[in-house]
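**Student:** The structure is given below, and queries will be raised subsequently.
What follows draws every value from the coordinates through simple rules; no lab data is involved. Since the structure is predicted, the reported quantities are computational estimates derived from the model, not experimental observations. Backbone-built Cβ (ideal geometry, glycine too); neighbour counts: all protein chains shown.
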Amino acid sequence: MKKLALLIALVLFVLPFSALAEEAYNPIGDEYTVLVNHDYMLDKKYVPDDLVKVDVKFKDAKIELRKEAADALLQLFADAKEAGYNLIAASGYRSYSRQATIYYNKVKSMGKERAAKLSAPAGASEHQLGLAVDITCKANKQYLNANFAKTDEGKWVTEHCYDYGFILRYKQEWEDVTGYAYEPWHIRYVGMEHAANIKELDIPYEEYVELYLGTVTATEDDE
């Protein structure tokens, strides 16, 4: 029975994530902790069914997020403003096709190797989950770059995003694990409990998922 359970678990992890994503299944956690990266990619048909427009200050257009993440972001922005920090939402949910266009343009302008560090190919972006948001501010001229971390707004987000269920997804010291360059402007909703744990542990989300959300990996003995 134990071997059967292990076999089933292994099959779930070996199956391409895209095959599960159509129904928003998550083989390594609940629906708010789903891991998306180059190895775990979403199907092109996946669209969250509870997207809402978020009534916060925006850069180009109002962003959309899943309802729970949207509510958390509203509170984060409100508390930041009360503390004297005016944040601007630059990007939220992105469709598979929109991400494909962004990635194509990056590759065209800088080459595939560099683009892969700065942008996700379609299906590998957390923005498609409707749980990720890019934040900027006037002090950084509304740019999305590493200088955001040096602004008062960026420092506030770095310190307090965890209090609202968000995490800093791509720290500079984690680039070898995440596969992406430093992005202090990109935060990802995982829920209050997991955000608090990740802040305390200070580890990349990939490692957190593997260690604490039950990822099964084969060992030489298993093989």
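**Student:** Please work out the FRET efficiency for the pair Asn105 and Gln172, using the Cβ-Cβ distance as r and a Förster radius of 30 Å; give the result to the nearest 0.05.
**Tutor:** Taking R0 as 30 Å, the efficiency between Asn105 and Gln172 is 0.75.
**Student:** List the pairs from Lys53/Lys171; Lys117/Lys199; Lys106/Lys171; Lys45/Lys141; Lys45/Lys138 whose alpha-carbon separation is above 32 Å, in the order I gave them.
**Tutor:** Numbers: Lys53/Lys171 28 Å; Lys117/Lys199 24 Å; Lys106/Lys171 21 Å; Lys45/Lys141 35 Å; Lys45/Lys138 35 Å.
From the list (Lys53/Lys171; Lys117/Lys199; Lys106/Lys171; Lys45/Lys141; Lys45/Lys138), the Cα-Cα distance tops 32 Å for Lys45/Lys141; Lys45/Lys138.
**Student:** How much length is gained if the chain between Asp71 and Lys138 is pulled fully straight, taking 0.36 nm per residue apart and subtracting their Cα-Cα distance, in nm to one decimal? Show your work: numbers first, answer last.
**Tutor:** Values: separation 67, 0.36 × 67 = 24.12 nm, distance 2.32 nm.
Length gained between Asp71 and Lys138: 21.8 nm.
**Student:** Extension gain Leu118-Thr158, at 0.36 nm per residue separation less the Cα-Cα distance, in nm? Present the calculation step by step, with values, prior to reporting the outcome.
**Tutor:** Details: separation 40, 0.36 × 40 = 14.40 nm, distance 1.98 nm.
12.4 nm is the gain from fully extending Leu118 to Thr158.
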